[in-house]
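What follows is a set of notes on a single structure, which appears directly below.
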Amino acid sequence: MPTPWTNRFAQRTKVIKSSVIRELLKLTQRPEVISFAGGLPAPELFPIERFKEACQRVLVEKAACALQYGTTEGYAPLREMIARNIARYGIVASADNVLITSGSQQALDLIGKLLINPGDRVLVEAPTYLGALQAFDVYGAEYVSVPIDDDGLQTELLEEALRSGPKFMYILPNFQNPGGVTLAEGRRHQLVLLAETYGIPIIEDDPYGQLRYEGEHLPPLIVVDRENLRRDDGYRLGNVIYLSTFSKTLAPGLRLGWIVAPSEVIAKLVQLKQGADLHTSTFTQVVAYEVARDGFLDEHVRKIRQVYRERRDAMLAALQEFFPPEVTWAHPAGGLFLWVTLPKDIECKALFADALRQNVAFVPGDSFYATGDAGGRHMRLNFSNAPPEQIREGIRRLSIAVQCRMKRPEMIAL
Ligand SMILES: Cc1ncc(COP(=O)(O)O)c(C=O)c1O
């Protein structure tokens, strides 16, 4: 029902659709539902005692700074700590290359503000992170999609897509959300070379890189870019902007993420961030620094990895035990998600309604595609937010819904 307000909204608001995921998640709140739908970390792993001590210490020793306005770039000790931590992965950056954001989600919004003119194309993976599409849509982005397979973005299809002249590429190299896949090392090199050849920058979004449960860590694109192209000028001429977050390693409620970029890019982003929120909460930044310091974060991440590895394995085992052979899934080496592919004639939105009747929830895969027909036959399952026995029971319930629908695919239950 339009009201006088409807006509007052700016043109850019017209392209915004309400998030299908958020609407679906509302239906999964009933306590009897086992939800594999959200991307939520396990709350029982939040380091609450350490936060209590840190808050206490900050209020006693650092209140004047922590409760005051801060610089837009972020709390200097936190930026320095991030620069030190990422150096372990080969990312050579000083604190001046690091901008603290209110979650990676704000980083995506700022990137959109910085780079997208209405009608500009953004090259994304198919499927890709829905939140990035939401952030870029507002700035009038159009999309060109390149599919992923078990080794991540299919770089052999990239060149043709690059010829359509995208403004930048948005890439999730590690344990992709939603696909769970990781970009193979050879493809990282191809991607970076093509980015250089076509002069098209890469936004590397890496919230899950530290949550690896098997295999060797692969070099981030920002490192491949620097090393392959022998950049001896630091990141000044680099093609990659790198994003990460404390959401999956400490707590998403902190709303703390960061951008690593050439100083010229950071300076422009700082201006844009000033208009948005002046700076990310000083109190939160100081507390997060006090929590993470002295090796605590590393120790904590080791614990998270162990718990999530068990949960991933529980989900893989349950899928093997209960699902019919026509259903396939990717094997994620890390992260929070498992991507399941159903036979062609199964429509996941209809399956979602069936699953809810069995008191289990997932996210239908079609929400994660920027362009084209995804075929509607994928499900994203999250494994971090439920203990192994609940995961097994949830997959058992889901398998009932899947098997019923495989027998009667034509029945639309929505
Ligand atoms: C790929 C990706 N990028 C960014 C985000 C946003 O994270 P944050 O909580 O830091 O805003 C998420 C959250 O799930 C994500 O999966």
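All of the numbers you see were taken from the coordinates with simple rules; none came from a lab. These numbers come from a predicted model, not from an experiment. In this analysis, Cβ positions are derived from the backbone assuming ideal geometry, glycine residues included, and neighbour counts consider all displayed protein chains.
Ordering Leu278, Leu183 by the number of other Cβ atoms within 10 Å of each residue's own Cβ, fewest first, gives Leu278, Leu183. At a Förster distance of 22 Å, what's the computed FRET efficiency of Met406 paired with Asp150, Cβ-Cβ distance as r, to 0.05? It comes out at approximately 0.40. GNM remark for the chain: springs join alpha carbons under 10 Å apart, and the peak mean-square fluctuation among Val192, Val327, Val124 falls on Val327. For segment 1-87, rounded, prolate or oblate, judged on the Cα gyration tensor with a ≥ b ≥ c (square roots of eigenvalues), a/c < 1.5 rounded, else prolate if a/b > b/c? Cα axes put segment 1-87 in the oblate bin. Across q = 0.23 Å⁻¹, segment 267-309 modelled as identical point scatterers on its alpha-carbon atoms has Debye log10 I(q)/I(0) values of -0.77, in the order of the q list.
Rounded to the nearest 5, what is the percent of antiparallel bridges among the DSSP beta bridges in the chain? All intermediate terms of the calculation are to be shown ahead of the outcome.
Values: 20 of 39 bridges.
Within the chain, antiparallel bridges account for around 50 percent of the total.
Given axes a ≥ b ≥ c from the Cα gyration tensor, I'd like to know whether segment 129-174 is rounded (a/c under 1.5), prolate (a/b larger than b/c) or oblate. The shape class here is oblate. What stretch of the chain, leaving out the sites themselves, is the longest with no chymotrypsin sites (Phe, Trp or Tyr not before Pro) in a DSSP loop having at most 13 other Cβ atoms within 10 Å? Maximal segment without exposed cleavage sites: 70-414. Considering only Asp225, Asp366, Asp298, the mean-square fluctuation computed in a Gaussian network model of the chain, springs between alpha carbons under 10 angstrom, is largest for Asp298.
With an 8 Å cut-off on Cα pairs and a minimum separation of 6 or more residues, tell me the relative contact order of the chain in percent. Walk me through the intermediate numbers first.
Working: 741 pairs, mean separation 95.4, N = 414.
Result for the chain is 23 percent.
As a rough footprinting exposure proxy, the listed residues Glu32, Glu44 were ranked by other beta carbons within 10 Å of their own, and the order from fewest upward is Glu32, Glu44. In terms of its C-alpha gyration tensor, segment 220-358 comes out prolate, because a/c is 1.5 or above and the ratio a/b outweighs b/c.
Here the spin labels are modelled as points 7 Å beyond Cα on the Cα-Cβ line, and at Ile16 and Glu80 they lie 3.9 nm apart. Applying 0.36 nm per residue to the separation of Glu160 and Lys52 and subtracting their alpha-carbon distance, the gain on full extension is 33.6 nm.
Let me check against my output: what whole-number percent is the relative contact order of segment 157-209, with C-alpha pairs under 8 Å and at least 6 apart? That works out to 50 percent.
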